[in-house]
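Only one structure is covered here, and it is reproduced in the block below.
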Amino acid sequence: MVTIEIDGVSMQTRKGAMIIHAADDANIYIPRFCYHKKLPIAANCRMCLVEVEKVPKPLPACATPVAEGMKIFTRSEFAKKAQKGVMEFLLINHPLDCPICDQGGECELQDIAMGYGGSASRFAENKRVVADKNIGPLIATEMTRCIHCTRCIRTLELVNGESELGAMNRGNRTTIGTYIESSVDSEMSGNVIDVCPVGALTSKPSRFSARAWEMRAHSSIAAHDCVGSNVNVHTYNKKAVRTVPAENEAINEVWLSDRDRYAYEGLNSDERLTTPMIKVGNEWQETDWNTALDEVVAGLRDQGDAIGCLVSPNATTEEAFLAQRLLRGLGSQNIDHRIGQQDFSDDGNTPLVQGLGCGLDGLESVNAALLIGSNIRHDQPIVSHRLRKAVANGGQLMLLNHVDYDMNYPVSEKIIVSPSEMATELAAIVKAMLEITSESAPEGLAALIDSVGVTDAHRAIADHLKVAESASILIGMQAMAMPNLSTLRALAALLARLADASFGYLPRGANSSGASLAGALPYTDAGGQSAYSGLNAAQMMDEKLSAYVLLNIEPERDCINPAQARHALGNANFVVCMTPFVSDAMRDYANVLLPTAPSTETSGTFVNASGRWQRFAAACAPLGETRPAWKVLRVLGNLFDLSGFEYLSSEEVRAEVERETNTVSMDNQIDWQCPASLGRTDGLVRIGDMPIYGTDNVVRRAASLQNTVHTASESAAMNTATAGQLGVSDASRIVLSQADDEVSVEWVIDESVPNNCVMLAASTAASSQLGVPYHAVTITKD
């Protein structure tokens, strides 16, 4: 520590810290534009010039390290003259368009100009004008306003790992833009809007929708992945018009993924369901809530275990808890939120909550990490950012994947194989680890891996994990949808134990952990207190039950087997959908449609992958006759005369869930059960990963996100070698056949797809015509 003095205040600060750090710690304000606490120092705006004793010229506070005995003056006439001089230069070319600028009212340039700007400009020449470029559907540009602070450039390099924007030319001709005529396509590109101190970069979807002082900010939690990013939802005229990050160092720091930032557009979709509806004959009729609920009671009464309930992994903990209590009160254990999973063979030997295994902030300090079956940049962008920081600090990232996805940071080792070969490759890494540790293989494993070959890549991964002081092994969202999940889980858990590494999951949805805790599972209730033998999500569709309750899902897009889901629901006697949206498919199979609120219009709790409980309140009033789902479930419980439905608020529901789950451990380790086989499938395998903007019903309706380059393609993809083997290289369209289902699609060459595989994204119109992904398919020319 060193002792310094700022404006007459003596203080101690860290040796090597910059003056601006010490001033901020002491709540002494120094104006700045280019400096941002999360970005590398650039020192190019010079707005933070200060006077330092015995130094003849002003120094930039952001780039001047403190020294023992240093005396700094931020308010002296010398310092203020320098700061005002810089302000005058910055305003020379800045346009006077504050009345039409979206940044007006929250603009750093406006604020600082009030304190350091002159009353009139001495500049009488023509102002510089910069032609704007279209850099995509998410970010609007007005680059004449740019003051060249380079925050946007540094943000894209630091957070996104890509130099999509840069400074070109010199002096007065300097411009910020893309190096070539292209859009800014990063999955976290919207963060440049937050760091821009002026109105040069603003949100295109919310442009001109409201002034900053007209909007109300509401603290909330992002509802589109397992991170639980903290956000502020801005509303105007009772509608969400913007989402921005709220600072939380332990979760999302100050950043936000584009999915969480722009998904709010889907809330105002034309497909919003705002009035209860019932089907009379084959015609849909709007009705009141009492009539609709009476229809539900009549349709579900006396059905017992013939009822199945599918709960969205984005449903709140309170909704999941009341849904399972309602189903069990009606005599059914058939409830599940794992709608994207197909392998349930190890149910009962898995932890109740399949979480991250460590804190999100802890990921950036790991020395080695192995990702299994994950498109981490798209599945959980904030987690990817944390891992990128770990790599920047010298950590080793390794991949066992089924697609060679583009990573924006170095990967030490990667093994890319067909999904059917992933268990074999993971077994080889385990075998290499056993060689390194000289430990005995657990029961049954030696025979299972006897014929498995070990390569240098397997040994390198095992070695990195073993020598690391802190290591993590994570099963990704895509691997959790594979038919050999139980095998991957058993081997990964064993590998973590041998390597003394943390073991965790990156599950689908915002509240998979909360739904599990709340008991939305067929084999146990809230807190795992009792054992049951209900049907899991896949079995419910296979058994073709007589009644279904769907909570905030669209089975034709959300379920792992959309073709089977459509068939089962179409043959059911009664289907009730509690949903914010209505689709054409839903109108076909449903009998009652109940408009329930999305997360922005209800209160509740999400539990993120690291086990953190996060409460939120409604940001805006429910649209039309929409009601919070927890209230609908509570009223249904009352109508069925069930006990335990006396709640008056979501806080009361949460309190009961907490009481029933306060002894649940977040430990992911499992008892060893040797897999029967490594489950290799011969022939062509269809990869069906969930795309970044297809994860849930709100995101799928966010128009701007669907206009980006990351929109899920309706085309199939395979590599050149596979296309040649199948003899379809000269065909523009192919037919994918799987069991009794088939679909005709265009196809493209994609060398990131491994041999003997064809990729067709999940949650698309094309894939909804087929069965489960990661299974054998056949291809013919169309």
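Sorted by packing (mean other beta-carbon atoms within 10 Å per residue), highest first, where do 418-424, 104-110 land?
Working: 418-424: 24.6, 104-110: 17.1.
Output ranking for 418-424, 104-110: 418-424, 104-110.
Near residue 505, the amide H atoms lying under 5 Å from its own belong to 355, 356, 357, 475; only residues 5 or more places off or on other chains count, and H is placed 1.01 Å from N. Take the Cα of residue 751, go 7 Å toward its beta carbon, and the backbone nitrogen atoms of segment 727-742 under 19 Å from that spot belong to 729-730.
Computed from phi, the 3J(HN,Hα) profile of segment 233-245 under the Karplus parametrisation 6.51, -1.76, 1.60 (θ = phi - 60°) reads 8, 9, 10, 8, 6, 6, 10, 6, 10, 6, 10, 10, x Hz, with x in place of Gly and Pro. To the nearest ten degrees, helix 650-661 and the longest principal axis of the Cα atoms of the chain are 70 degrees apart. When the trypsin sites (Lys or Arg not before Pro) in segment 107-149 are filtered for DSSP coil states and for at most 10 other beta-carbon atoms within 10 Å of their beta-carbon, the remaining sites are 122.
Quote to one decimal, in nm, the extra length available between residue 291 and residue 411 on full extension: 0.36 nm per residue of separation minus the C-alpha distance between them. Walk me through the numbers on the way to the answer.
On the way: separation 120, 0.36 × 120 = 43.20 nm, distance 5.81 nm.
So the extension gain works out to 37.4 nm.
Normalised by 2.2 N^0.38 Å, where N is the number of residues, the C-alpha radius of gyration of segment 263-392 stands at 1.50. Taking the charge dipole of segment 2-91 about its Cα centre, with +1 at Lys and Arg Cβ atoms and -1 at Asp and Glu Cβ atoms, the residue from 13, 42, 76 reaching farthest to the positive side is 42.
Quick one: work out the % antiparallel among DSSP beta bridges in the chain, nearest 5. Mind showing how you got there, number by number?
Working: 53 of 96 bridges.
So the antiparallel bridges amount to about 55 percent of the total.
The calculated FRET efficiency for residue 443 paired with residue 247, based on their beta-carbon distance and R0 = 56 Å, is about 0.70. At each listed q (0.14, 0.16, 0.18, 0.24 Å⁻¹), what is the log10 of I(q)/I(0) that the Debye formula gives for segment 2-91 modelled as equal alpha-carbon point scatterers? Per q value, in the given order, log10 I(q)/I(0) is -0.43, -0.57, -0.72, -1.27.
Suppose we look only past 28 Å in the calculated P(r) of segment 44-179. What percent of the Cα-Cα pairs does that tail hold? Could the numbers behind the result be given before it?
Values: 2599 of 9180 pairs.
Result: 28 percent of Cα pairs exceed 28 Å.
Close amide-amide hydrogen proximity is noted between residue 689 and 760, 762, each under 5 Å apart and 5 or more residues distant or on a separate chain (H modeled in the peptide plane; Pro and chain starts excluded). The distance from the alpha carbon centre of segment 193-236 to that of segment 460-534 is 33 Å, rounded to a whole number. Rounded to the nearest 10 degrees, what's the angle between the helix 485-499 long axis and the longest principal axis of the chain, both from Cα atoms, 0 to 90? For helix 485-499, the angle is close to 50 degrees.
Which FRET efficiency value, to the nearest 0.05, do you get for residue 567 and residue 778 by plugging their Cβ-Cβ distance into 1/(1 + (r/R0)^6) with R0 = 25 Å? E(calc), rounded to 0.05, equals 0.75. The tail of the calculated P(r) for segment 76-115 beyond 13 Å holds 58 percent of all Cα-Cα pairs. Projected over every direction and averaged, the convex hull enclosing the alpha-carbon atoms of the chain yields 36.8 nm². Karplus-derived 3J(HN,Hα) values for segment 677-694, using 6.51 cos²θ - 1.76 cosθ + 1.60 with θ = phi - 60°, are 7, 8, x, 6, 10, 7, x, 7, 10, 8, 8, x, 5, 6, x, 4, 10, x Hz; glycine and proline are entered as x.
Mean separation of Cα pairs under 8 Å and 6 or more residues apart, divided by the residue count, gives segment 685-781 a relative contact order of 42 percent. One decimal place: the segment residue 725-residue 182 gains 192.0 nm when fully extended, by the rule 0.36 nm per residue minus the C-alpha distance.
Note on segment 124-268: Kirkwood radius taken over Cα pairs, Stokes-Einstein applied at 20 °C and 1.002 mPa s, translational D equal to 133 µm² s⁻¹.
Report summary: the helix-based calculation at 222 nm, which adds -39500 (n - 2.57) for every DSSP H run with n ≥ 4 and divides by the residues of the chain, gives -7500 deg cm²/dmol.
Altogether, the Stokes-Einstein calculation at 20 °C and 1.002 mPa s, with the Kirkwood radius of segment 652-782 over Cα pairs as Rh, returns a diffusion coefficient of 122 µm²/s.
Separation of segment 287-320 and segment 678-749, taken as the distance between their Cα centroids, equals 34 angstrom. Residues whose amide H comes within less than 5 Å of that of residue 575, counting only those at least five positions distant or on another chain, are 548, 591, 592 (H built at 1.01 Å from N in the peptide plane). Axis angle, to the nearest 10 degrees, between helix 629-639 and the longest C-alpha principal axis of the chain: 40 degrees. Taken one residue at a time, the phi angles of segment 202-214 give Karplus couplings (6.51, -1.76, 1.60, θ = phi - 60°) of 10, 6, 5, x, 9, 4, 6, 7, 6, 7, 4, 7, 8 Hz. Gly and Pro are set to x. For segment 458-527, the equivalent ellipsoid derived from the Cα gyration tensor has semi-axes of 27, 13, 11 Å, listed largest first.
If the segment from residue 469 to residue 529 were pulled out straight at 0.36 nm per residue, it would be longer than the present Cα-Cα gap by 18.0 nm. Note: relative contact order over the chain, using C-alpha pairs below 8 Å and six or more positions apart, is 14 percent.
Every read-out reported here was derived from the displayed coordinates using simple, explicitly stated rules and does not represent laboratory data. Just so it is clear, the model here is predicted, and its values are computed rather than measured. Methodologically, a virtual Cβ is constructed for each residue, glycine included, from the backbone with ideal geometry; neighbour enumeration extends over all protein chains shown.
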